[in-house]
């Protein structure tokens with residue numbers, strides 16, 4: 001076997017040849033080394049060079065490729081830390097299909113950390129569907145804290161609160177928020193937040209490392225309206241003031257700015273954890289939620305997103 005002479009002049013030619021042999025002709029690196037008369041290590045370096053120099057353009061021929069590209073575009077457009085896009089299922093009537101599984105996988109990944117973390121969680125149908133997918137895990141080093149109240153207006157437990165479901169699945173410390181979602185006045189909220197147990201939970205939520213929340217739309221079919229937290233009159237007033245969505249009860253406008261006064265003066269939830277040093281991931285998709293999702297990512301209320309491809313396409317088209 002005669003070894004080919006290597007030089008700067010023909011190195012890119014060699015890289016192109018090695019790249020073609022590997023990606024098109026599907027030769028192994030050992031076979032490329034034999035064909036080109038070089039060592040296996042040289043073949044490996046040439047294949048890598050072909051990719052780094054843009055001589056090889058790989059196309060993933062699979063539907064998930066579109067999701068990966070959409071995730072990259074949404075992440076860049078809105079300056080997010082991370083984005084995951086799941087395939088859309090036009091035939092599914094559910095607003096959680098695919099999203100719940102992806103959300104559960106993201107939570108499980110965070111919980112597998114050996115280093116202790118504080119995980120804050122919101123509430124809602126999508127988040128509960130994700131938590132229901134979590135496998136039993138033994139992670140006593142972690143702390144789970146609820147951002148929102150666990151009590152409905154009639155005093156019963158909020159059905160879509162996830163902290164107790166997580167407590168069943170995870171062996172970790174759990175801190176619920178034993179408050180209504182909304183209280184009667186700003187004064188009552190201030191009084192309740194001063195209680196030692198509540199104050200400690202709020203302090204814990206403020207230093208969350210990882211947060212998972214849902215995004216709710218506003219209107220007649222909004223979860224806050226359907227679940228009895230806000231009246232028709234209150235909802236109409238919020239819409240007239242420009243409100244488009246909510247996260248853990250905090251109401252925001254189309255620019256992702258929290259509305260002053262109104263329901264935000266009475267929401268008992270912890271503030272959304274700071275996004276500067278932590279990851280706040282929203283799980284949301286669908287046309288009804290699109291204005292709220294767009295506002296949340298545009299205004300920096302969240303810095304990570306799990307959504308579906310149809311919603312991602314519309315986010316990019318409307319931004």
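Listed by first and then second residue, the pairs linking a residue in region 56-84 that is modelled with pLDDT under 85 to a residue that is outside any loop (DSSP other than H, G, I, E, B) and crowded, with 18+ Cβ neighbours inside 10 Å, with Cβ atoms under 7 Å apart and 6 or more places separating them unless they lie on different chains, are 56/19; 56/50.
The conditions are (1) touching a helix residue (DSSP H, G or I) at 6+ places or on another chain (Cβ under 7 Å); (2) over 21 Å from residue 231 (Cβ atoms); (3) crowded, with 19+ Cβ neighbours inside 10 Å, and residue 124 fails exactly one of them. Which is it? Result: residue 124 fails condition (2) only.
Restricting the first member to region 223-242 and to residues that are outside the structural domain of residue 154 (by TED's automatic domain parsing) and modelled with pLDDT under 95, and the second to residues that are outside any helix (DSSP H, G or I) and surrounded by 11 or more Cβ atoms within 10 Å (Cβ to Cβ), no beta-carbon pair is closer than 9 Å while six or more apart or on different chains. Could you list all residues from region 72-87 that are part of a strand (DSSP E or B) and surrounded by fewer than 15 Cβ atoms within 10 Å (Cβ to Cβ)? If the condition is that a residue be part of a strand (DSSP E or B) and surrounded by fewer than 15 Cβ atoms within 10 Å (Cβ to Cβ), then 82 is the only one that fits. Find the residue count for region 281-316, including only residues that are under 24 Å from residue 87 (Cβ atoms) and either out of contact with any helix residue (DSSP H, G or I) (no Cβ under 9 Å at 6 or more places or on another chain) or outside any strand (DSSP E or B) (or both). Within region 281-316, residues that are under 24 Å from residue 87 (Cβ atoms) and either out of contact with any helix residue (DSSP H, G or I) (no Cβ under 9 Å at 6 or more places or on another chain) or outside any strand (DSSP E or B) (or both) number 23.
The values are calculated or read from the model by the stated rules, or taken from the named source; none is laboratory data. Source: prediction; values computed, not measured. In this analysis, Cβ positions are derived from the backbone assuming ideal geometry, glycine residues included, and neighbour counts consider all displayed protein chains.
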